[in-house]
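Asks: I'd like to ask some things about the structure below.
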Amino acid sequence: MNPDYPAPVTIRDLAKHAGVSTGTISRALKNEPGLTEHTRQMVLSAARELGYDFCKLRRKRIRRLAFLLHRQHNTAASSPFYSPVLHGAEEACRKQGIVLSFMAVGPADGVNDQLRMHAPDAIVCAGFFEPELLAALRASGKPLVLIDMKLRGYSSVNPDNHMGGYLATRHLVQLGRERIAMISGSLSHYSVRERNRGYRQALFEAGMLADPRLDVSLPDGVDFETGAQEAMQSLLSLPHPPDAVFCYNDAAALVAMRCALAAGLSVPYDLSIAGFDDIASAVLGHRPLTTLRVDKKQLGALGVELLLRGAQEPALEKVAPVELVVRASTVCEDFRPRK
């Protein structure tokens, strides 16, 4: 409570302090459209300064949801993962009578202007988002949940990336493979970083030296297909190339398999290859792909579920289980696990 306002601060007090109408104060506090972002932030700042009790605001029912996908994921390589996530969110919204709108955005897209056009009550962000972009979205005051990303202070839903990386690598160890490589995407992405951490833990527990030359990332500045090819070719050109490769997602694993076959290698006899995500095309390659199954539609539904719970302190973090699916890209008929 502000010492200048011994009684509880009211909307009229805020209007007088900010020099605007009570209607403007009400719309700003309820995150309703019709105001500039400057005015909205000015009102929120005044409310915090005077000690306004935000708990007095009845939580607004979510009627419109904006599903934001970072523009870098709006590609043919990423679509097999994020499309089912979107469909899961759509189904959950339909059951709750919520209208969902989709937006592919980037840091230079004027996101807040786009949000005002869609006028959502809440936001889901799928995939990697720059912290600065998330901060701009949070400044809108709308409930926000992350899917396939984790950042302190934000509610989030993620597959068990660390366990998935561990299970895939342990499987390759049990096959008797001795030089197990990993192809990663950008380690700035939470899910990729966790999958890589699981890979390293499995090698450590098996007492296998982690050769840094076997841990490669897609190069910057090239398209996904080219980057995955270059990463795999760099592994195959080593004096002692790997006999197994764990890829951070299925799309990269399918590219790696094509490169191995083009180099005259036999999969899985010369080289075992595993992916992550279990996208639809994982079973369509030269050899059906061993991978970690992620319930992608469930991720989208869980994101909507967290939003419907309302603001939580501390932020909620949901972790969805993953399942190792063993297929012909890593094992042959006479496979016997190493004890």
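Asks: By how many nm would the segment from Leu284 to Arg94 lengthen if fully extended, with 0.36 nm per residue of separation less the alpha-carbon distance?
Replies: 65.2 nm
Asks: Rounded to the nearest 0.05, what FRET efficiency is calculated for Val326 and Arg64 with R0 set to 51 Å and r the Cβ-Cβ distance?
Replies: 0.75
Asks: Compute the relative contact order of the range 79-144 as a whole-number percentage, counting only Cα pairs closer than 8 Å that sit 6 or more residues apart in sequence.
Replies: Reported as a whole number, the value is 30 percent.
Asks: What does the C-alpha gyration tensor say about the overall shape of the range 189-268? Classify as rounded when a/c is under 1.5, otherwise prolate if a/b is larger than b/c, or oblate.
Replies: Details: a/c = 1.76, a/b = 1.19, b/c = 1.48.
Cα axes put the range 189-268 in the oblate bin.
Asks: Return the whole-Å distance between the Cα centroid of the range 176-254 and the Cα centroid of the range 116-175.
Replies: So the two Cα centres are separated by 22 Å.
Asks: Any idea what the relative contact order of the range 10-166 is, in percent, if you count C-alpha pairs under 8 Å spaced at least 6 apart?
Replies: 21
Asks: Something else about it: I'd like to check one number: the per residue accessible area of the range 203-339, probe 1.4 Å, reported in Å² as a whole number.
Replies: Per residue, the range 203-339 has 50 Å² of solvent-accessible surface.
Asks: Looking at the chain as a GNM with Cα springs under 10 Å, which of Glu225, Glu178, Glu132 has the largest mean-square fluctuation?
Replies: Of the options given, Glu132 has the highest mean-square fluctuation.
Asks: Something else now. Could you work out which residue, out of Gly88, Gly106, Gly23, moves most in a Gaussian network model of the chain, that is, has the largest mean-square fluctuation with Cα springs under 10 Å?
Replies: Gly23
Asks: List every residue whose amide H lies under 5 Å from the amide H of Leu100, counting only residues 5 or more places away in sequence or on a different chain, with H placed 1.01 Å from N in the peptide plane.
Replies: Long-range HN contacts for Leu100: Leu65.
Asks: I would also like to ask the following. Which value in nm describes the separation of the simple spin-label points at Arg200 and Glu230, placed 7 Å from the Cα toward the beta carbon?
Replies: If labels sit at Arg200 and Glu230, their model points lie 2.3 nm apart.
Asks: Calculate how steeply helix 250-262 sits against the longest principal axis of the alpha-carbon atoms of the chain, using the helix alpha-carbon long axis, and give the answer as 0 to 90 degrees to the nearest 10.
Replies: Helix 250-262 and the main axis of the chain meet at about 20 degrees.
Asks: Label points 7 Å out from Cα along the Cβ direction at Phe102 and Ser45: separation in nm?
Replies: Once both label points are built, they end up 3.8 nm from each other.
Asks: Continuing with this model, one more query. Which angle between 0 and 90 degrees, to the nearest 10, do you get for helix 79-96 versus the longest principal axis of the chain when only C-alpha atoms count?
Replies: Result, in degrees: 40.
Asks: What's the FRET efficiency of Ser26 with Asp220 using the Cβ-Cβ distance as r and R₀ = 45 Å, to the nearest 0.05?
Replies: Once rounded, the FRET efficiency stands at 0.40.
Asks: How much accessible area per residue does the range 92-182 have, counting only protein heavy atoms and a probe of 1.4 Å, in square angstrom?
Replies: Value returned for the range 92-182: 39 Å² of accessible area per residue.
Asks: For the ranges 11-22, 152-163, 298-309, what's the packing order if you count other beta-carbon atoms within 10 Å of each residue, average per peptide, and put the highest first?
Replies: 298-309, 152-163, 11-22
Asks: In addition: Work out, step by step, the length gained on full extension between Ser266 and His240: first 0.36 nm times the residue separation, then minus their alpha carbon distance; give nm to one decimal.
Replies: Between Ser266 and His240, full extension yields 7.7 nm more.
Asks: Along its principal axes, what span do the Cα atoms of the chain show, with the longest given first and each in whole Å?
Replies: If we take the Cα atoms of the chain, the spans are 78, 37, 35 Å.
Asks: While we're looking at this one, here's another question. Between Val319 and Gln72, what is 0.36 nm times their sequence separation minus the Cα-Cα distance? Round to one decimal in nm.
Replies: Using 0.36 nm per residue and subtracting the Cα-Cα distance, I get 86.6 nm.
Asks: Can you list residues whose amide H is under 5 Å from Ile273's amide H, if they're 5+ apart or on another chain and H is modeled 1.01 Å from N?
Replies: Amide H neighbours of Ile273, under 5 Å, 5+ apart: Val245, Thr330.
Asks: Taking amide H positions as placed 1.01 Å from N in the peptide plane, with prolines and chain starts having none, which residues 5 or more places from Ser217, or on another chain, fall under 5 Å of its amide H?
Replies: Ser184
Asks: How much of the accessible area of the chain, in percent, comes from carbon and sulfur atoms when a 1.4 Å probe is used? Walk me through the numbers before you get to the answer.
Replies: Values: 8600 of 16380 Å².
The computed percentage sits at 52.
Asks: What does DSSP give for the chain in terms of the percent of beta bridges that are antiparallel, rounded to the nearest 5?
Replies: Percentage antiparallel, nearest 5: 10.
Asks: Of the listed peptides 267-277, 74-84, 243-253, 212-222, what is their order by residue-averaged count of other C-beta atoms within 10 Å, with the highest listed first?
Replies: Packing order, densest peptide first, comes out as 243-253, 267-277, 74-84, 212-222.
Asks: Leu187 to Leu209: FRET efficiency via 1/(1 + (r/R0)^6), r the Cβ-Cβ distance, R0 22 Å, to the nearest 0.05? Numbers along the way, then the final one.
Replies: On the way: r = 21 Å, r/R0 = 0.94.
After rounding, the FRET efficiency stands at 0.60.
The values are calculated or read from the model by the stated rules, or taken from the named source; none is laboratory data. Since the model is a prediction, treat every value here as computed from it, not as a measurement. Glycine also receives a Cβ, built like all others from the backbone with ideal geometry; neighbour counts cover every protein chain displayed. Keep in mind that these areas ignore ligands, DNA and RNA; they rest on the heavy atoms of the full protein, side chains included. Shrake-Rupley method; radii C 1.70, N 1.55, O 1.52, S 1.80 Å.
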